[in-house]
Structures are given as C-alpha cells and as structure tokens.
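Notes follow the structure.
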Amino acid sequence: MVVEERVRPATGARTEIEAELLAAYRERTPRSAALHEAARRVMPGGDTRTIAFHPPYPLTIERAVGCRMADADDHVYLDFLNNYTSLILGHAHPAVIAAVAAQLPRGTAHAAAATAQTRLAEIIAERVASVDLVRFCNSGTEATMHAIRAARAFTGRDLIVKMEGGYHGTYDDVEVSVHPDLSSPSAGSAHAPLGTLDTIGVPANTTANVLVIPFNDIVAAERVMDERGDEVAAIIVEPVLGAGGMIPAETAFLEALRGLTVEHGALLICDEVMTFRLAPGGMQEHHRVRPDLTTFAKIIGGGFPVGAFGGRAAVMEQYDPARPAPLWQSGTFNGNAITMVAGVAAMEAYPAGEVARINALGDRLRGGLNAVLAATGVGGVATGYGSFVGVHFTEAGEPVRDYRAAAAGDRELGRLLHLALLLEGVFVAPRLMMCTSTAMDETVVDEAVAAFDRALRRVRPAALA
Ligand code: PMP
C-alpha cells in the first residue's frame, strides 16, 4: 500500500528524536520484542493484521479490562483505540462475559438458526429505520462485499462509486483508492480522481468497475453520475471517513448522493461498520438520510468477529432461499451463537444515553487535543465526530474535508507522536485514530489529553524542523 505523505527532509532534529523514541520504546518493551521475534518465525511480519504493525515492532498485549490494557512487560495503557472502534464497552465487560459464559456450555455454532441471532437482528432493525431485513457474516469486509453484490444483483449493473480515501475492507473491489499515492499521475486530479489499486494482487481491471470521487464533493458526484450514472449499481459511502482520517461527511453531500442514486436508479450503501456507534440509529439517523443498504460490523459483535448488512426488504429479499435462484450468501460461522449473544449484550449495554455520554467524551477529547495543538504551536487539527477523533498535522487553519487534505498532513510526525504516546501509556492507532468507550469518564479523557501534551512537546522539535 503506498501512503502519500508530505515529504520533508530528514532533518537532524527529526532523526535524533526518532532514534531517542525508538531506543526508549525498545528499552521499555523487551518482552514484546522477544515475542515479536518468535511470532515472525511463523507469521509474515509476526502478525495477521498489516495495519497493526509499526516500527520497530508492535506491543504484545497480555490482558485488558475496561479502558486499560497491560503489555507483556506489564506496562498499563489507556486504550483509546478499542480494537479500531469496535469495543464500545471497553474490554471484558461483565455483561458480555456473562452472556458468553452462559452460552459456551450450550455450544458455539450449530448450523441451524439460533434465537440470539433473531434478537440481534431485531435490535438492529429497531434502531435503524432503513433496515427492514438483515443478514450476518463475520467481518465488515464481508458485509460490504455482500451489500455490493446485492446492489449489483438488484440493479443488473456492475459499476460502483466509492470515495477517495474510503475504506470498506480488504476485498478486491474496495481496495481501490483507499490510500492513493498522490504524487503519481495515475491518481488523477483533486476534483477528478482516478481509481488506483491499493495493493498488489488485485486484478488490474478492477478499476474498470470502480469509479472514485472525492469525499464531500457534490460537484464531482454529479459529474460522475451524469456521465455513468445509468451503469452504476451503487454508491458506497462512510458517513465519517474512518481509516481516511475521521472526517465527517457533510449532510448536504449525503443528501446529494441520495438524490443522485434515486435519479439514476442506483442504490445508496451507507457503510456504518464504524459509525453505527455514533448515534442510536447510526449516522444516517443523524443526517436524516435513508440509504437502501447499510453495512455493520465492529460494535454489534460485542468484541467477537462479526459483520452484517441489511436494508430495504425488496433488495434483501433476494437472499430468501425459498425463492428460485436466490442470491447466495453463506458462511460456516455466520450468526454463530457466541458472537450473537455477545452482540446482544453489548447493544443492550449501549442505549441512547451511553451513546450521548461517550460522544460528549469524544468532544471533550477533541477539544482538549485542539487546545494542546494550539498551545504548543504545532500546526494540526483534531477532527472527528462524537466518540471518534483523528489527529492531522496539517497547516493550522486548513479544513480537513477529504482524503487529499488529510494526506497533505505530516504523517511522519504523526508516527513519532504515536510512539511518544505509547511511551506515555496511551494506546492509539499509528495513524492517530482514537475513540472513546463506555468504560471511560472525563478523568480518563483528561489523563489522555495531558499525556498528549507531554508527548507533543517531546516531538515538537521535529515538527518545527
Ligand atoms: N468498512 C469500514 C468503514 C471499516 O472501518 C472497516 C474496518 N475498519 C471495514 C469496512 C472492514 O471491516 P473488517 O475489518 O471487520 O473486515
């Protein structure tokens, strides 16, 4: 994957700070280093998630409860990543433990319907106005894959439209222009981007089926739909660009996508894999935009592998196996009892009041980080919505509304800050993605802001270099 970043000369200060941080990290985490070496002998890079790697090696986490995790060297971290936003209740929540413990002796997966599956489907359909029918799978990747297939089957068309910087998982059709290298002419221009493949191994002709538009750019969406709208099966969009930098969609943009899809007989797929936690009915409820299909994952599994997709009855009924030639969807662990009972427990422990409370904690975190950025004089901004926060080292005052604005930030500085935060005991994504959970309160958020202040002051000379 090629990541575009602002190229700065490796100045003395930056090199020195990086060396100092790496040395401190190595000195603090020798057990993680040894465990990483052992892991590398049996797994490429020592892990199964490319995204979790960062130099010199990632931490090995031994245990986690609530908002705290302990690494193999017994250092405790405030977890502001929550397994990439999925652990809405933090770690090892008593309600989830009780539900799973009660289910385990009764079996884990049965190749027959389970009552907890119906209950979780009811919870999703009750919360999300646009969802009449839902189906489960085991990841967000599968959820978006199936939703796109459902849209293609329903419309009889092949093209999809996705956002530049939009992330929908790791299968071929959506591994297009997630992290395009903007220095290459193949990425096209700011308002007319071209689809580029994000990883080797994806067939080159994948881009023929995937049109790419800039996030929050109504004019570009109109142009693409004017040109090719009648061949488009679906537009897929995250209401907050997550992996792309925690950048909220503007209501007018989502409304425009809704209007354009209706006009051209295409479907609108809202990818709420990450954003479902931000409002009781997902961000579509907040924006009052009703998609045809919605994808879910992360929080709805209570910490276990999960995915789901649902929407309008007419589209979802294609999956009804009682129909002749139904749309095919299967999976050995789809709707397994453990994930379903954990999901029900997690969703029941996440009522509207808790959604609002941790969104307010996110606002407090974002506000705190922005105040620190301003006070330290390091150009940058904390973006996001509610419980989601992203940090970008962009020019002060520059709005971050799309992938290109985020990519213009100083990501190398971000990586230094990530290491500095780990040394301060705050666990965030290497690309500085953060989120709150119900296991947190204002004191924990303030602790994180204070740690961010110390970490930023430590790396500041590298920023000013
Ligand atoms: N869609 C979005 C918006 C996501 O953020 C993610 C994961 N971060 C996915 C899809 C893929 O989900 P999974 O990792 O469960 O395959």
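The residues listed here are I218, I200, I235; of these, the one that is surrounded by fewer than 21 Cβ atoms within 10 Å (Cβ to Cβ), of a type in the set (V, I, T) and within 28 Å of E263 (Cβ to Cβ) is I218. None of R68, R106, R41, R63 is under 23 Å from F333 (Cα atoms) and basic (K, R) except R106.
Residue-wise test of (1) among the small types (G, A, S); (2) farther than 19 Å from L293 by Cβ; (3) at pLDDT 95 or above.
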{"residue": "G156", "(1), (2), (3)": "yes, no, yes"}
{"residue": "V161", "(1), (2), (3)": "no, no, yes"}
{"residue": "D173", "(1), (2), (3)": "no, no, yes"}
{"residue": "A187", "(1), (2), (3)": "yes, yes, yes"}
{"residue": "A234", "(1), (2), (3)": "yes, no, yes"}
{"residue": "V240", "(1), (2), (3)": "no, no, yes"}
{"residue": "A252", "(1), (2), (3)": "yes, yes, yes"}
{"residue": "R258", "(1), (2), (3)": "no, no, yes"}
{"residue": "T261", "(1), (2), (3)": "no, no, yes"}
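For V178, the conditions (1) farther than 29 Å from R277 by Cα; (2) out of contact with any His (no Cβ under 6 Å at 6 or more places or on another chain) are fulfilled apart from (1). In the set (1) touching a strand residue (DSSP E or B) at 6+ places or on another chain (Cβ under 7 Å); (2) surrounded by fewer than 17 Cβ atoms within 10 Å (Cβ to Cβ); (3) over 30 Å from F333 (Cβ atoms), D226 fails one condition alone, (1). Among the residues making up the stretch 288-323, those that are part of a strand (DSSP E or B) and either surrounded by fewer than 24 Cβ atoms within 10 Å (Cβ to Cβ) or touching a Gly at 6+ places or on another chain (Cβ under 8 Å) (or both) are L293, T294, T295, F296, A297, G307. Taken as a whole, the stretch 268-287 holds no residue that is more than 9 Å from the ligand (Cβ to nearest atom), basic (K, R) and surrounded by fewer than 24 Cβ atoms within 10 Å (Cβ to Cβ).
Could you check, for the stretch 87-94, whether at least one of its residues is away from the ligand (no atom under 16 Å from the Cβ), surrounded by fewer than 20 Cβ atoms within 10 Å (Cβ to Cβ) and touching a residue at least 40 places away in the same chain (Cβ under 8 Å)? No, the stretch 87-94 has no match at all.
Being out of contact with any helix residue (DSSP H, G or I) (no Cβ under 7 Å at 6 or more places or on another chain), within 15 Å of the ligand (Cβ to nearest atom), within 19 Å of E317 (Cβ to Cβ) and assigned to a helix (DSSP H, G or I): is that true of A125 here? So A125 fails the test. Residues that are away from the ligand (no atom under 12 Å from the Cβ), open to solvent by 10 Å² or more (accessible area, probe 1.4 Å) and part of a loop (DSSP other than H, G, I, E, B) within the stretch 146-187 comprise G156, R157, D158, H179, D181, L182, S183, S184, listed in sequence order.
Residue by residue, here is whether (1) in contact (Cβ under 8 Å) with a residue 24 or more places away in the chain; (2) over 24 Å from the mean Cα position of the chain (by Cα); (3) assigned to a helix (DSSP H, G or I) holds:
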site	(1), (2), (3)
R31	yes, yes, yes
A39	no, yes, yes
G45	no, no, yes
P55	yes, no, no
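Can you find, within the stretch 108-131, the residue that is farthest from G301 (Cα to Cα) among those that are small (G, A, S) and open to solvent by less than 50 Å² (accessible area, probe 1.4 Å)? So, considering only residues that are small (G, A, S) and open to solvent by less than 50 Å² (accessible area, probe 1.4 Å), the one farthest from G301 (Cα to Cα) is S130.
For T207, the conditions (1) free of Cβ contacts under 8 Å to residues at least 40 places away in the same chain; (2) over 21 Å from the mean Cα position of the chain (by Cα); (3) farther than 20 Å from T170 by Cβ are fulfilled apart from (3). Restricting attention to the stretch 65-80, the residues that are part of a strand (DSSP E or B) and either of a type in the set (A, V, I, L, M, F, W, C) or open to solvent by less than 10 Å² (accessible area, probe 1.4 Å) (or both) total 8.
The values are calculated or read from the model by the stated rules, or taken from the named source; none is laboratory data. None of the values given here were measured: they were computed from a predicted structure. Methodologically, a virtual Cβ is constructed for each residue, glycine included, from the backbone with ideal geometry; neighbour enumeration extends over all protein chains shown. Ligands, DNA and RNA are stripped out before the accessible areas are found, and what is left, the full protein with its side chains, is counted by its heavy atoms. Shrake-Rupley method; radii C 1.70, N 1.55, O 1.52, S 1.80 Å.
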